[in-house]
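Every number here is computed from the coordinates shown, using simple stated rules; none is lab data. Because the structure is predicted, anything quoted here is derived from the model rather than measured. Neighbour counts are summed over all protein chains in view; Cβ atoms, including those assigned to glycine, are modelled from backbone coordinates with ideal geometry.
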Amino acid sequence: MVFKIGLLGLGTVGIGTAQILLDSSGRNPLLEEIVVSQIGVRSLEKTRPIKFPPGVITTDLVAIVTDPEINIVVELLGGLEPARTMILQAIDQGKHVVTANKAVIARHGDEIYEAANRAGVYVLLEASVGGGIPIIKPLKQSLGANRITSIIGIVNGTTNYILTQMTTAGADFSDALVEAQHLGYAEADSTADVDGLDAADKIAILASLGFGERVQRESVYCEGIRKVSTVDIAYADKLGFVIKLLAIAKISEKTESRILQLRVHPTLVPKSHPLASVEGVNNAILVEGDPLGQVMFYGPGAGSGPTASAVVSDIMNIVAILKSNNHTQTLNPLLSCTHQHYCQITPIEAIETRFYARFLTKDVPGVIGNLGRSFGNYQVSLESVVQIGFKEELAEIVVVTHYVCEGNFRTALDEVRTLETIKSIPSVLRVL
Ligand code: HSE
């Protein structure tokens, strides 16, 4: 049998996908039955590393999603439009869809899955989170017997690459970003990586799968890595931490019902924690559940080959279903999405976490006492206070708190800002 694929997009991941599908030797024999019949691109002028037979590449995306010969549409355009419209049109035409598009799924997953369920087709998305790491199918299937309590991940390869270069090679932020772009890790608009938006899309998807409800993308609290400086990386190192951009989804500890914390921010991670040693473009997702305990998924989180590996695995899953002739309008619930309700999310001010803060102060008696008093006024208990360096006549004081309510910590900082001896607060970061 031959199964025809319509590929939308021939960027980094599209090329990787075509390369696998055009070179099936030594891989799963199912690949021999899959043919890339049409490829939709924005421009025919671009030079590409693979030559395709005449007529395969077209700028007419609609012709691909409406072609009656095509069984599976593989959406690798990235961005919201025309990706969303093409996915919906493909579904409307009764085609199965494979996508790597976390932005579209995180924002429009509800309408896409409602349409897919009505049409009786699959929309698979293994490549949307964690690049080459299997995490979508494991969450939906292998870990399905568990009550998931937390999902904490390094889910953006570009920012992990930048932070690793800044930490281990003393690299400058912008140089490391340019390198990540050259290596094909970054989004077309790298602000999605640097400002944490890509990681927020991904944790919204993982939370929905892990906790079995829909997640409103805008309810993910999000801070990127622009404000992480080499000074804080060095202080974190002295205190026994590394700084990572973490995406966190977990059940709020103070509630019995399933109210979630959902947040993305740079975080001081203890060097002994399993996520601390995840370096470069690698991603890792630590899932905790009952009765499983902890399991960590680790591997290359971005790039052409790894992401294409996940895309092709989804294509193969659909082909296997089509081949076994048991595809009916009733979808396999372990591969489809039937969520109806939206998760409740804890406001960021109500979460309990630890903080790291760095202050530039006058070097006079009583400064640390004043700081301690302001924090004490709002039940913010300090775990450590260190004064290590001086910066242009000012003392540099770093504090790490115990677990505190974020709202109380913010109010305490507001009071600290009014203290005459405190000149500035260059950084405030959360601690895992
Ligand atoms: N820009 C993304 C990253 C690509 O750096 O992780 C994979 O989604």
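Working ranking of peptides 207-216, 288-297 by packing, defined as the average number of other Cβ atoms within 10 Å per residue, highest first, is 207-216, 288-297. At q = 0.17, 0.18 Å⁻¹, what base-10 log of I(q)/I(0) does the Debye formula yield for the stretch 42-140 when every alpha carbon is treated as an equal point scatterer in vacuo? Relative scattering, expressed as log10 I(q)/I(0), comes to -0.81, -0.90.
Beyond 30 Å between alpha-carbons counts as too far, so tell me which of Lys46/Lys227; Lys202/Lys271; Lys202/Lys227 fall in that bin. Flagged as over cut-off: Lys46/Lys227.
The residue among Asn283, Thr191, Ala176 whose Cα reaches farthest toward the positive pole of the charge dipole of the stretch 136-299, with charges on the beta-carbon of Lys, Arg, Asp and Glu, is Asn283. Can you tell me which of Thr158, Thr267, Thr353 moves the most in a GNM of the chain? Springs connect C-alpha atoms under 10 Å apart. Between Thr158, Thr267, Thr353, it is Thr353 that shows the largest mean-square fluctuation. Each Cα pair under 8 Å and six or more residues apart adds its separation to the average, and for the chain the resulting relative contact order is 17 percent.
Over the chain, dividing the summed -39,500 (n - 2.57) contributions of all DSSP H runs of at least 4 residues by the number of residues returns a 222 nm mean residue ellipticity of -10000 deg cm²/dmol.
Within the stretch 136-299, the proportion of Cα pairs with more than 28 Å between them is 21 percent. Under the convention that each Lys and Arg Cβ holds +1 and each Asp and Glu Cβ holds -1, the size of the dipole of the chain around its Cα centre is about 480 debye. Length, then width, then depth: along the principal axes, the Cα atoms of the stretch 350-431 run 37, 21, 17 Å. Shape of the chain from its Cα gyration tensor (a ≥ b ≥ c, root eigenvalues): rounded if a/c is under 1.5, otherwise prolate when a/b > b/c, or oblate? Prolate is the answer for the chain, as a/c is 1.5 or above and a/b outweighs b/c.
Which one, Pro426, Thr158, Phe375, projects farthest toward the positive side of the charge dipole computed for the chain from Cβ point charges (K/R +1, D/E -1)? Final value for the positive-end residue is Phe375.
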